[in-house]
Amino acid sequence: MKRRLFSLTLAASALACSLPAAAQTAWDLPSAYPATNFHTVNLNAFASDVEKATGGKLKITVHANAALFKAPEIKRAVQGGQAQIGEIILAAYQNEWAMFGADGIPFLATSYEDSRKLYAAQKPILQKKLAEQGLMLLYSVAWPPQGIYSKKPLASAADLKGSKWRAYSPATSRIAQLVGAQPVTVQAAELSQALATGVVETNMTSGATGVDSKLFEHLKFYYDVQAWLPKNAVIVNKRAFDALDKASQDALLKAAADAETRGWAASQKVNTDSLATLRANGMTVEPGSAALKADMQKVGATMLQEWLGQAGAEGQQMLDAYRK
Ligand code: PCA
């Protein structure tokens, strides 16, 4: 009797020890932007929502500022399962598939409203493509509109000629070529260092990144031409998702939908706030002259044609859906 009781106790304690370990899943989420960035703040809220909703069964650790993987490596890391989930900027992958770059084309969608429409047109094919790659789209949020940062005042695009231009995507490199600047690819996490060491002196990004990277310490002018709103996307490895129980999957999808709503609202607020912060730190923030805008719009028109050449019928279809 005593012996039986002993072995029962043993079995019970073994069960107690093994249960929590087996039931808890820990995921790593690499992202490429600083902890204070609104996308990262949103990611942390998302992770905390997931942990709460699953009663601690699914724990997601956000690794901000490209600490785990460099920006351009995050997609492959999630595809390969080195990370179960990650945040990418879609436009960085345009060379892999033209449609990833749809939201990086200058002056195709320039407001939050148009950016949402473009997302709606892009989403079904995006989901299909990612599924083919063993990935799933959880949510996507736009950055604020992209403007031009410069050390010197810009009367027109001619003033950008010969400048060392920081790029974060194939499209931002192409803009440099079209205005006669020299593109240098630098991820956001290394932008302030690249400016400090003179590796770059001009670039196009948002007010948000201007504040994150303290661009006002090196650059004096921001032309808020609102050329496009690139999107970040949170993607998950499909095998990792399938390994979750149904309740955890549902909790994850619900938290993702909430994060998407929250993220778009945050982006819009950050846009307004960050332009004020740039001004408060001594930057001249202007809409840009008619000549500068016309020059950049011409660049955009060229790039849309080039993109259509790359994207083919699939691209045209998406464009038609967007413009409907
Ligand atoms: N900030 C990111 C991408 C777009 C943006 O506004 C960056 O500059 O890398």
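Worth a mention:
- Taking amide hydrogens as placed 1.01 Å from N in the peptide plane, the amide H of Lys164 sits under 5 Å from those of Gln182, Glu201, Thr202, each at least 5 positions away in sequence or on another chain.
- Helix 2-23 vs. the chain, principal-axis angle (Cα, 0 to 90°, nearest 10): 10
- Student exercise, the chain dipole from Lys, Arg, Asp, Glu Cβ charges, in Debye to nearest 20: 720
- Computed over the chain: relative contact order in percent, which uses C-alpha pairs under 8 Å that are six or more apart: 24
- Helix 112-132 and the longest principal axis of the C-alpha atoms of the chain enclose an angle of approximately 50°.
- Using the average count of surrounding beta-carbon atoms within 10 Å as a protection proxy, the listed peptides 203-211, 170-178, 242-250, 254-262 rank, highest first, as 203-211, 170-178, 254-262, 242-250.
- Between 0 and 90 degrees, the angle of helix 246-280 with respect to the longest Cα principal axis of the chain falls at about 30 degrees.
- Estimated vicinal HN-Hα couplings, Hz - the stretch 138-154 in sequence order (Karplus 6.51, -1.76, 1.60; Gly, Pro = x): 8, 6, 9, 9, 6, 6, x, x, 8, x, 9, 9, 8, 6, 9, x, 10
- Taking every alpha-carbon pair under 8 Å whose residues sit at least 6 apart, the stretch 94-207 reaches a relative contact order of 27 percent.
- Rounded to whole numbers, the Karplus 3J(HN,Hα) couplings from phi for the stretch 162-170 are x, 6, 7, 9, 7, 10, 10, 7, x Hz, using 6.51 cos²θ - 1.76 cosθ + 1.60 with θ = phi - 60°, and x at Gly and Pro.
- In the chain, the DSSP beta bridges split such that about 55 percent are antiparallel, to the nearest 5.
- Among Gln133, Gln146, Gln187, residue whose mean-square fluctuation peaks in a GNM of the chain (springs only between Cα atoms under 10 Å): Gln133
- Out-of-range pairs (alpha-carbon distance over 23 Å; input Lys75/Lys231; Lys117/Lys214; Lys59/Lys129; Lys75/Lys128): Lys117/Lys214; Lys59/Lys129
- Using θ = phi - 60° and Karplus 6.51 cos²θ - 1.76 cosθ + 1.60, couplings along the stretch 312-322 (whole Hz; Gly, Pro as x): x, 4, 4, x, 4, 4, 5, 4, 4, 5, 5
- Amide H contacts of His63: Leu29, Ser31, each under 5 Å away and 5 or more positions distant or on a separate chain (H built 1.01 Å from N in the peptide plane; Pro and chain starts excluded).
- Between Gln305 and Gln82, the modelled label-to-label distance comes to 4.0 nm, taking each label 7 Å out from Cα in the direction of the beta carbon.
- Here the chain is treated as a Stokes sphere of Kirkwood radius computed over C-alpha pairs; at 10 °C and 1.306 mPa s its diffusion coefficient rounds to 76 µm²/s.
- Which of Arg323, Arg279 has the fewest Cβ neighbours within 10 Å, and the rest in rising order: Arg323, Arg279
- Highest mobility in the GNM of the chain, judged by mean-square fluctuation with C-alpha springs under 10 Å and restricted to Ala102, Ala77, Ala64, is found for Ala77.
- The aspartates and glutamates whose alpha-carbon is closer than 17 Å to the alpha-carbon of Lys220, local same-chain residues fewer than 8 away aside, are Asp159, Glu201, Asp212, Glu286.
- Each peptide in 189-202, 216-229 receives the mean, over its residues, of other Cβ atoms within 10 Å, and ordering these scores from highest gives 216-229, 189-202.
- For the stretch 238-304: Kirkwood Rh in Å [reciprocal of mean 1/r, alpha carbons]: 16.3
- Under 5 Å, built H, 5+ apart or other chain: amide partners of Leu135: Lys238
- From the Kirkwood radius over Cα pairs of the stretch 49-91, Stokes-Einstein at 4 °C and 1.567 mPa s returns a whole-number translational diffusion coefficient of 113 µm²/s.
No value in this document is a laboratory result; all are computed from the given coordinates. Keep in mind it's a predicted model, so treat the numbers as computed, not measured. Don't worry about glycine lacking a Cβ; one is built from the backbone with ideal geometry, like all the others, and counts go over all protein chains shown.
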